[in-house]
Amino acid sequence: AALTDVDVVVVGAGVTGLTAATRLTKAGHSVVVLEARDRIGGRLWTDTIDGVRLELGGQWVSPDQSALLETLDELGLKTFSRYREGSSVYVGRDGVRRTFDGAAFPVSEYTEAEVDRLTVLLDQLAGQMDPLSPWDLPGAAELDRISFSTWLEQQTDDVEARDNIALYIGPAMLTKPAHSFSALSAVLMAASAGSFSHLVDADFILDQRVEGGLQQVPLLLAGQLGDRVITGTPVTSIAWDADGATVNGTWRAKRVIVAVPPTLVSRIGFSPSLPPVHMQARQHTSFGIVLKLHITYPTPFWREDGLSGTAFSPYQVVHESYDNTNHDETRGTLVGFVSDENADELLRLSPDERRARTLASLAAYYGEKALEPEAYYESQWMAEEWTAGAYATSFDIGGLTRYGATLREPVGPLSFGTSDVAGLGFQHVDGAIRVGRMLADSI
Ligand code: FAD
C-alpha cells in the first residue's frame, strides 16, 4: 500500500503530544497525531457518571504552573477556586480527630518542630536542584541509593513527623510507598513544584480548577488540529533509519515524537530495536497506584459544620480528601485518595467491602453523614490499557541517576517525552506542556 508522507508523526494525544503537534503545525510542518484510545486527553478525562460531572484524572492547577496557566489563557479557559472556608481535619497517630486552621497539622510541639526542621532541609535540597537535571545535585548519587523512608529515619526519631513528611511525597504525589523510591526522587518531586513547602500547602498545590474540567485543554488543542488527530489507532510498529520512520506501515515521516509514558514505549515494536541502554532505562520506571474517589451528597454538609472539606491522615485509608464540588452544582462532592499499599489492600476486596472501608474513613473525618452518599465512583487508572497506573511514572531506587537523562535522549529520527520526564511540572499537566514545547523546538 502507498505510504502517506508527513513531516512528523506524533504518537499519543495527551497534553504532551498535542502541545508538540500544535507548535509544529504553527511552524508550518505537516503533522499527524495517532491516538490509541477512542478519546482525546490521556490522563485527563471528564465524564458524567450518575448525573455528576467528574474529573476522573488530573484536575488541579497551582500558581507555579506558568506553562499551564499560559495555555489556559491562550485557550480562553476560566478557573475557579477550590472551596476552602472553615477548618481542616487531621487524624493523628493516636487515632484522635482534630480540626485545625492554616497549613500546620495539629501534632505535638516536638513533632511540629521536627516537621518544620525537615521542611527547611528539603526546601534547601530542592532549592539547590535543577529539576531538569536532578543527577547534577551535589550528593545526588548518595541520595539516589537510599529510600526516602531510610533517609527520613536518618533525620529524625519522631515517627509521626516522618509519616507526615512521607505522606506529602509518597501517597500524595508519587503514589508509591516511601521505601520504594529514592530520597533523590523525593527531592525532585519538591524541586519540580518550586519547593517542598509548596507540597505541604494544599491551598497552593490544589489551588484552582478549570471550568468544565482540565480535559478542555487537550480537547481544544485537538479541535484546532482537526483531522490531523486520528483516534482509535494504537501505534504498534515503527521502522526507522537515519532518514526517517515508517509508522504502522502506513505513515512515512521525517521525525516521530513518542509522547507516551515510558512504561508504554515497549508496546511499540521498533525495527531496528532501540539501543540497549534505552531498552533498559524504561524498565526502571513504573507507575504508582491510586484510587481517586468521587463521593456526592445531597448537600456539602461539612460546610455547615464549619469544615472546608480538607482532611489528611497518614493513618487513614483515605489519606487525603477535599471539597470537589463543581462551580455550578448545588450538591456536594468530596474527592478522596487511596494510595500505594492501601490501594493494594482495598483492590483485593469486593467493591462493596471497598466502599464500606473508604466511607468509614470519610466518616472519621466528616462524621456519620459521610456514610450516606448519593453517588460513589472510583477512578481506576490501573485498569486502563493505555495508562495502567496513576498518577505518573517514576524511577526505582538508583534509576534516576543511572537512566534519567536517557529518557529524554532522541534515537535517530525518534524523540520521546511525557509529563513524567519533565523538570518543572514533573508528573503534572504543566510538565506535559513544557516537554511538548521542548520536543517541538528540537525539530
Ligand atoms: P498521557 O496523558 O498519558 O498521554 C499519552 C497518550 O498516549 C494517551 O492518550 C494514550 O492513550 C496514548 N498512547 C499510549 N500508547 C500509545 C500507542 N502505542 N499508540 C498510540 N497512542 C498511545 N496533573 C495535574 O497537573 N494536576 C492534577 O490534579 C493531576 N491529578 C491527576 C489525577 C489522576 C487520577 C491522574 C491519572 C493523573 C493526574 N495528573 C495531574 C497527572 C496528569 O494527568 C498527567 O501528568 C498528564 O495528563 C500527562 O500527559 P501526557 O500527554 O504526558 O501523557
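When T358, T406 are checked against the criterion of being within 16 Å of the ligand (Cβ to nearest atom), crowded, with 18+ Cβ neighbours inside 10 Å and at pLDDT 95 or above, a single residue qualifies: T358. The residue that is farthest from the ligand (Cβ to nearest atom), counting only those in the stretch 251-265 that are more than 25 Å from the chain's Cα centre (by Cα) and under 24 Å from S419 (Cβ atoms), is R255.
Checking each residue in the stretch 48-82 for being more than 16 Å from the ligand (Cβ to nearest atom) and part of a loop (DSSP other than H, G, I, E, B) picks out D50, G51, G76, K78. Restricting L346, L307, L334, L400 to residues that are at negative phi, touching a residue at least 60 places away in the same chain (Cβ under 8 Å) and under 25 Å from the mean Cα position of the chain (by Cα) narrows the list to L400.
A single entry from L199, L121 fulfils the requirement of being of a type in the set (A, V, I, L, M, F, W, C), surrounded by 23 or more Cβ atoms within 10 Å (Cβ to Cβ) and touching a residue at least 12 places away in the same chain (Cβ under 8 Å): L199. Counting residues in the stretch 17-26 that are without any contact (Cβ under 8 Å) to a residue 40 or more places away in the chain, away from the ligand (no atom under 15 Å from the Cβ) and outside any helix (DSSP H, G or I) gives zero.
Of all the listed residues (A186, A178), the sole one being crowded, with 22+ Cβ neighbours inside 10 Å, away from the ligand (no atom under 16 Å from the Cβ), within 24 Å of the chain's Cα centre (by Cα) and not in a helix (DSSP H, G or I) is A178. Return a yes/no flag: does the stretch 144-161 have any residue that is of a type outside the set (F, W, Y) and under 18 Å from A392 (Cα atoms). No, the stretch 144-161 contains no residue that is of a type outside the set (F, W, Y) and under 18 Å from A392 (Cα atoms). The number of residues in the stretch 211-250 that are under 29 Å from G58 (Cβ atoms), more than 10 Å from the ligand (Cβ to nearest atom) and part of a strand (DSSP E or B) comes to 1. Listed by first and then second residue, the pairs linking a residue in the stretch 27-48 that is among the hydroxyl-bearing types (S, T, Y) to a residue that is in a loop (DSSP other than H, G, I, E, B), with Cβ atoms under 6 Å apart and 6 or more places separating them unless they lie on different chains, are T46/G213; T46/Q215. Scanning the stretch 74-105 for residues that are surrounded by fewer than 17 Cβ atoms within 10 Å (Cβ to Cβ) and among the aliphatic types (A, V, I, L, M) yields a count of 4.
The values are calculated or read from the model by the stated rules, or taken from the named source; none is laboratory data. Values in this document were obtained by computation on a predicted structure and should not be read as measured data. Neighbour counts run over all protein chains shown; Cβ positions are idealised from the backbone, glycine included.
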